[in-house]
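In what follows, a structure is listed as structure tokens, so that the remarks can point back to it.
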Amino acid sequence: MSKLVAIVGRPNVGKSTLFNRLTQTRSAIVDDTAGTTRDRQYGKVDWCGQEFSIVDTGGWVVNSDDIFEEEINKQVEIAIDEADVILFVVDASTGPTDLDDKVAAILRRAKKPVILVANKEDKGDARYNIPEFYKLGLGDPVGVSSANGSGTGELLDEIIKDMPEKDNDDEAEDNVAKFAIVGRPNAGKSSLINAFIGEERHIVTDIAGTTRDSIYHRYNKFGFDFYLVDTAGIRKKQKVNEDIEYYSVIRSIRAIEASDVCILMIDATRGIESQDANIFSLIQRNKKGLVVCVNKWDLIEDKSLDAQKRYEAAIRDRFAPFTDFPIIFTSALTKQRIHKVLETAMQVYENRKRIIPTSQLNTYMLEQIAITPPPSNKGKFVKIKYVTMLKDAVVPTFIFFCNLPQWVKEPYRRFLENKIRDHWDFTGTPIQIFMREK
């Protein structure tokens, strides 16, 4: 099951700086002004071979002049409810405050694993203030400086340690493919699920409150055997309340992470929108297989082959540079080509697990490399002598051994990927290529 870590705390304690440090990005806007973070911000963290998602939130405030106070606090509450592990960030340079006490009270009621992070320990005598945070009743504070990175390694060790263990039921289900149907609301996700299972119902929980885990439906008809993973639609922020948007994004992260292949639904009547590209990026970051399903094709006047080709070209142009994925034009209402969606998703799942024998890989790829060798750099020539494929990788991963791996740039890596895709069927699945020194 996917793991989610939420960063919470009062304003201006360094939550976004910590988010950027742990994700090794600059995605979150960092400023000394309190209340800078308003919208949700999420990313991926890889530590000691374990990946998890992390969510930044706005600062918790009460009785402030910020007109966004109520919506920001709703986002924080949702993040706390959805998370597996919570990072409660406090400011070691100022010591505990009344707002820290209020947030701590909320976290104690949540009954979730909480790691107390005393940030800004590098400022003056701040580290001598850290013991004062024991009064919050949330265990041992972990002193860090998100600005310079000190203590973050120990923090990541704590995060992994506090993550829930994998259930035995999950282990038994590892060999069963999991397909997540994702997309904007009203793209036909629920209709497609109903068409698949042959029942007029949505795959949703009947329990009131927030659902923590992805919702599965076992599909074992017509020779298929896989799990359908339901997900909330990712909405445009202008269309809905902030807390609904935030909840939908978190649900989609968890559903995508729990899947092997994502079926991305696009509404044919509305065309390709920015939200479709955002969901596509989310799928790519999580390295999942992809099938694009253009739904409501029965409502389009021009259903000619030329119209399909134009639509397909527009999708691939919007999602470039990754373009090697299947596109299927369907109608969930009339059940047109819905079985083709299942067949294609299963084929992408098989492609994702494909292993190429090392002998075949070297015979073909070394010949292609000899025809088109890597460009020389400052008079130095790269010689690739051997290639192998990792057998236990999450996605197809190829290792090329050469004398100067640092000189192999991204364009040539794409060339190698394209040659692999030309010769073997990896449609719908991302490929990773690494250069190693021999």
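The values are calculated or read from the model by the stated rules, or taken from the named source; none is laboratory data. Being a predicted model, the structure only gives us computed values, none of them experimental. Quick reminder, even Gly has a Cβ in these numbers, built from the backbone with ideal geometry, and neighbours come from all protein chains shown. Only protein heavy atoms, including side chains, enter the accessible area calculation; ligands, DNA and RNA are left aside. Shrake-Rupley method; radii C 1.70, N 1.55, O 1.52, S 1.80 Å.
Selection within segment 365-391: residues that are assigned to a loop (DSSP other than H, G, I, E, B) and in contact with a Cys (Cβ under 7 Å, 6 or more places away or on another chain). The member of this set that is least open to solvent (accessible area, probe 1.4 Å) is Val382. Going residue by residue through segment 152-170, is there one that turns out to be surrounded by 17 or more Cβ atoms within 10 Å (Cβ to Cβ), closer than 30 Å to Lys340 by Cα, touching a Leu at 6+ places or on another chain (Cβ under 7 Å) and modelled with pLDDT of 75 or more? No, every residue in segment 152-170 fails to be surrounded by 17 or more Cβ atoms within 10 Å (Cβ to Cβ), closer than 30 Å to Lys340 by Cα, touching a Leu at 6+ places or on another chain (Cβ under 7 Å) and modelled with pLDDT of 75 or more. Across segment 380-392, not a single residue is classified as within 23 Å of Leu282 (Cα to Cα), modelled with pLDDT under 95 and of a type in the set (A, V, I, L, M). Could you check segment 18-42 and list, in sequence order, the residues that are surrounded by 18 or more Cβ atoms within 10 Å (Cβ to Cβ), among the hydroxyl-bearing types (Ser, Thr, Tyr) and modelled with pLDDT of 55 or more? Of everything in segment 18-42, those that are surrounded by 18 or more Cβ atoms within 10 Å (Cβ to Cβ), among the hydroxyl-bearing types (Ser, Thr, Tyr) and modelled with pLDDT of 55 or more turn out to be Thr23, Tyr42.
One residue is enough: does segment 142-151 have a residue meeting the conditions at pLDDT 55 or above, under 25 Å from the mean Cα position of the chain (by Cα) and of a type outside the set (Gly, Ala, Ser)? For segment 142-151, residues at pLDDT 55 or above, under 25 Å from the mean Cα position of the chain (by Cα) and of a type outside the set (Gly, Ala, Ser): absent.
Among the residues in segment 387-395, are any farther than 24 Å from Glu350 by Cα and without any contact (Cβ under 8 Å) to a residue 12 or more places away in the chain? Looking through segment 387-395, none of the residues is farther than 24 Å from Glu350 by Cα and without any contact (Cβ under 8 Å) to a residue 12 or more places away in the chain. Of all residues in segment 410-427, those being over 21 Å from Asn286 (Cβ atoms), open to solvent by 40 Å² or more (accessible area, probe 1.4 Å) and touching a residue at least 12 places away in the same chain (Cβ under 8 Å) number 4. If you go through segment 392-409 and pick out every residue that is crowded, with 19+ Cβ neighbours inside 10 Å and aromatic (Phe, Trp, Tyr), you end up with 2. Starting from residues that are at pLDDT 70 or above and of a type in the set (S, T, N, Q), keep the ones in segment 171-208 and report whichever is nearest to Glu350 (Cα to Cα). Going through the qualifying residues, I end up with Asn175. How about segment 272-302: which of its residues are within 14 Å of Asn186 (Cα to Cα), surrounded by fewer than 21 Cβ atoms within 10 Å (Cβ to Cβ) and in contact with a helix residue (DSSP H, G or I) (Cβ under 8 Å, 6 or more places away or on another chain)? Ile272 - this is the single residue of segment 272-302 that is within 14 Å of Asn186 (Cα to Cα), surrounded by fewer than 21 Cβ atoms within 10 Å (Cβ to Cβ) and in contact with a helix residue (DSSP H, G or I) (Cβ under 8 Å, 6 or more places away or on another chain). Does segment 428-438 contain any residue that is out of contact with any Ser or Thr (no Cβ under 7 Å at 6 or more places or on another chain), touching a residue at least 60 places away in the same chain (Cβ under 8 Å) and of a type outside the set (Gly, Ala, Ser)? Yes.
Number of residues in segment 54-78 that are open to solvent by less than 30 Å² (accessible area, probe 1.4 Å) and at pLDDT below 75: the value is 4.
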